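Report on the structure given below.
The values are calculated or read from the model by the stated rules, or taken from the named source; none is laboratory data. Quick caveat, the model's predicted, so the values are computed rather than measured. Note: ideal-geometry Cβ built from the backbone for every residue, glycine included; neighbour counts use all protein chains shown. Keep in mind that these areas ignore ligands, DNA and RNA; they rest on the heavy atoms of the full protein, side chains included. Shrake-Rupley method; radii C 1.70, N 1.55, O 1.52, S 1.80 Å.
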Amino acid sequence: PAAVVVAIDGPSGTGKSSTSKAVAAQLGLSYLDTGAQYRAMTWWMITNGIDVTDAAAVATAAAKPVLVSGTDPAHPTITVDGADASGPIRTQEVTSRVSAVSAVPEVRTLVTELQRSIAAAAERGIVVEGRDIGTTVLPDADLKIFLTASPEARAARRSGELTGKDAAGLAATREALIKRDAADSGRKTSPLAKAGDAVEVDTTELTLQQVIECVVTLVEEKR
Ligand code: C5P
């Protein structure tokens, strides 16, 4: 079959990553985690002493780090200047600062170009997950999915990933998530948004397996 390009967008904690990786693996497609690229950019800024709240400084520095994404869904990787950044990009510090960095237009231009070149090179097709893939990065994608879930479900999934399920941790996770989504949805350049032609899937009452099956079926209908 011809290469199929699938865009999966939505806020955090909706199961985007788990779904995207599984769908790509099941269908033999490449996989790109665009959030990891913004996280890697943020990690590099922090490591190099750039004040991430200074948009001009971030814009100037953005061209310096070399990001390379590995697109095997069974083993996705990201390196920054040749160093594996897969661990450091998941820290609380990076998570709390990434929205400031990803809102800077110069950062988005660079990262978007990178994403388009990776998608174009994926001969068998690719699943690309993020916030603006269907709207901005790959507006001609063969299939666009927009995943949603209630704030409670999203916080519960995220804190399950992070710490376990104590009530204080859950409340803090929920607040941080809502704040990050508000920043990502409210920014001027390429905000988190559902494309007009995206299929919306509310995952609140669905198991991961059900979401995966739903998306696989939609992809197969396009092939
Ligand atoms: O998906 P993840 O939570 O790893 O994304 C981290 C951050 O990267 C998001 O909160 C958002 O600020 C940014 N991002 C973005 N556009 C994308 C993917 C992620 O702005 N396509």
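Numerical summary
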{"item": "Any chance Thr207 is of a type in the set (Ser, Thr, Tyr) and over 28 Å from Thr112 (Cα atoms)", "result": "yes"}
{"item": "Residue match in segment 48-61 (condition: free of Cβ contacts under 8 Å to residues at least 12 places away in the same chain, open to solvent by less than 50 Å² (accessible area, probe 1.4 Å) and not polar (S, T, N, Q))", "result": "yes"}
{"item": "Segment 103-137: number of residues that are free of Cβ contacts under 8 Å to residues at least 60 places away in the same chain and basic (Lys, Arg)", "result": "1"}
{"item": "Hits in segment 106-131 - residues which are open to solvent by 60 Å² or more (accessible area, probe 1.4 Å) and either outside any loop (DSSP other than H, G, I, E, B) or within 8 Å of the ligand (Cβ to nearest atom) (or both)", "result": "Glu106, Thr109, Leu110, Glu113, Arg116, Ser117, Ala120, Ala121"}
{"item": "Some residue of segment 140-149 being closer than 30 Å to Ala3 by Cα and open to solvent by 40 Å² or more (accessible area, probe 1.4 Å)", "result": "yes"}
{"item": "Every pair of residues 6+ apart whose Cβ atoms lie under 7 Å, when the first sits in segment 76-91 and is closer than 16 Å to Met45 by Cα while the second is of a type in the set (S, T, N, Q)", "result": "Ile78/Gln37; Ile78/Ser69; Ile78/Ser86; Asp84/Thr77; Ala85/Thr79; Ser86/Thr77"}
{"item": "Of all residues in segment 62-75 being open to solvent by less than 50 Å² (accessible area, probe 1.4 Å) and in contact (Cβ under 8 Å) with a residue 40 or more places away in the chain, the one that is nearest to Val23 (Cα to Cα)", "result": "Pro73"}
{"item": "Some residue of segment 103-123 being farther than 18 Å from Leu138 by Cα and under 16 Å from the mean Cα position of the chain (by Cα)", "result": "yes"}
{"item": "Filtered residues of segment 20-43 (kept if of a type in the set (Val, Ile, Thr), farther than 24 Å from Glu175 by Cα and either open to solvent by 10 Å² or more (accessible area, probe 1.4 Å) or within 12 Å of the ligand (Cβ to nearest atom) (or both))", "result": "none"}
{"item": "Odd one out for Asp184, checked against (1) open to solvent by 30 Å² or more (accessible area, probe 1.4 Å); (2) in a helix (DSSP H, G or I); (3) among the acidic types (Asp, Glu); (4) over 26 Å from Asp72 (Cα atoms)", "result": "(1)"}
